[in-house]
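The values are calculated or read from the model by the stated rules, or taken from the named source; none is laboratory data. Note that the structure is a prediction, hence the values are computed from the model and not measured. For neighbour counting, all protein chains shown are included, and Cβ atoms are generated from backbone atoms with ideal geometry for every residue, glycine included.
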Amino acid sequence: KMVLAQLGGSISRALAQMSNATVIDEKVLGECLNEISRALLQSDVQFKMVRDMQTNIRKIVNLETLAAGTNKRRIIQQAVFTELCNMLDPGKPAFTPKKGKPSVVMFVGLQGSGKTTTCTKYAYYHQRKGFKPSLVCADTFRAGAFDQLKQNATKAKIPFYGSYMESDPVKIAVEGLERFRKDNSDLIIIDTSGRHKQEAALFEEMRQVAEATKPDLVIFVMDGSIGQAAFDQAQAFKQSASVGAVIITKLDGHAKGGGALSAVAATKSPVIFIGTGEHIDEFEIFDVKPFVSRLLG
Ligand code: GDP
């Protein structure tokens, strides 16, 4: 899989070059950090985050005060690993649904981000774990949204609710909730409208649906290939909905992946899954340490 391979390769090369130097001095460390920063910037990580990472590593690796004989290479490598992990870890875990205990999870994101696809993937993932998920289509903005959700849900044998006639997303969301609460669904997933861009109407609608359904978790779905726009987009959603987790989609394509780091920073929420294809099971749990380990090869 292509997931972040380029970024990982560049960082690994920078570390290897540093390791090959005969003596690790300020110059070698500086060059290494510059290489890593360049790789992060090229992968669309926000400039401020890259600068902070440099500062943090400098704080950990103080060459002058390191005792003679300490393995500087190892300390630098570990500091880079720790920093990458920190960038992806907001320090508080996301809400996780429990089997048999009713939860409501609301999905938000721009149109085309992969929101509807991801709702089904998320439902299917939990169904296979023994949950009784259900899907509510509260996207009344995009023509065809309900049909798409219906098709996906039918294929995966997941109960769904929506309407071709009703234009009020809040009404549909509330009706769907009532229906599936009666059916003892323990994971009610609400798909909301997207828009092509961040606009006031979208955020107002999100607020109303959230107020009416009181979700246990709001998941922000972001297209991993949107580049430097990631930070601002994620922040705009965070400001309007109480985003508690992020799912990055399309990491199988040309995504450079830095968006994941920016989305975490902007929402102060963890990435919980990534989308790695259009198919329902092309969906992976996101764990920071294994991910960074894999990234650095
Ligand atoms: P929405 O408008 O946000 O609901 O987006 P959709 O769920 O309709 O997805 C938009 C397009 O992206 C569709 O063609 C999906 O098949 C595709 N898509 C969604 N997630 C992924 C992914 O992880 N990888 C790839 N390659 N395509 C995806």
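Quickly run through the stretch 1-18 and pick out the residues that are surrounded by 20 or more Cβ atoms within 10 Å (Cβ to Cβ), in a helix (DSSP H, G or I) and at pLDDT below 85. Once the filter is applied, which keeps residues that are surrounded by 20 or more Cβ atoms within 10 Å (Cβ to Cβ), in a helix (DSSP H, G or I) and at pLDDT below 85, the stretch 1-18 yields LEU7, GLY8. From the list LYS150, LYS129, LYS182, LYS214, the one residue that fits, being among the basic types (Lys, Arg) and within 16 Å of the ligand (Cβ to nearest atom), is LYS150.
Based on what the data block shows, is PHE283 of a type in the set (Phe, Trp, Tyr), closer than 17 Å to PRO93 by Cβ and either away from the ligand (no atom under 16 Å from the Cβ) or more than 10 Å from the chain's Cα centre (by Cα) (or both)? For PHE283, the condition - of a type in the set (Phe, Trp, Tyr), closer than 17 Å to PRO93 by Cβ and either away from the ligand (no atom under 16 Å from the Cβ) or more than 10 Å from the chain's Cα centre (by Cα) (or both) - is not met. Taking the criterion of being within 16 Å of the ligand (Cβ to nearest atom) and either within 15 Å of the chain's Cα centre (by Cα) or among the hydrophobic types (A, V, I, L, M, F, W, C) (or both), the residues of the stretch 81-113 that qualify are VAL105, MET106, PHE107, VAL108, GLY109, LEU110, SER113. Once the stretch 286-297 is narrowed to residues that are part of a loop (DSSP other than H, G, I, E, B) and away from the ligand (no atom under 13 Å from the Cβ), the residue that is surrounded by the most Cβ atoms within 10 Å (Cβ to Cβ) is ASP287. In the set (1) more than 30 Å from VAL170 (Cβ to Cβ); (2) out of contact with any His (no Cβ under 9 Å at 6 or more places or on another chain); (3) modelled with pLDDT under 90, the condition left unmet by SER225 is number (2). For the stretch 232-252, residues that are crowded, with 24+ Cβ neighbours inside 10 Å, within 21 Å of MET53 (Cβ to Cβ) and either aromatic (Phe, Trp, Tyr) or away from the ligand (no atom under 13 Å from the Cβ) (or both) total 2. Considering (1) within 11 Å of the chain's Cα centre (by Cα); (2) part of a helix (DSSP H, G or I); (3) away from the ligand (no atom under 13 Å from the Cβ), the lone condition that ILE272 does not fulfil carries the number (2).
A count restricted to the stretch 19-29 and to residues that are surrounded by fewer than 14 Cβ atoms within 10 Å (Cβ to Cβ) and closer than 19 Å to GLY9 by Cα stands at 1. Restricting attention to the stretch 34-47, the residues that are of a type outside the set (Ser, Thr, Tyr) and at pLDDT 90 or above add up to 4. When ALA255 is tested against (1) within 15 Å of the ligand (Cβ to nearest atom); (2) modelled with pLDDT under 90; (3) surrounded by fewer than 18 Cβ atoms within 10 Å (Cβ to Cβ), exactly one condition is not met: (3).
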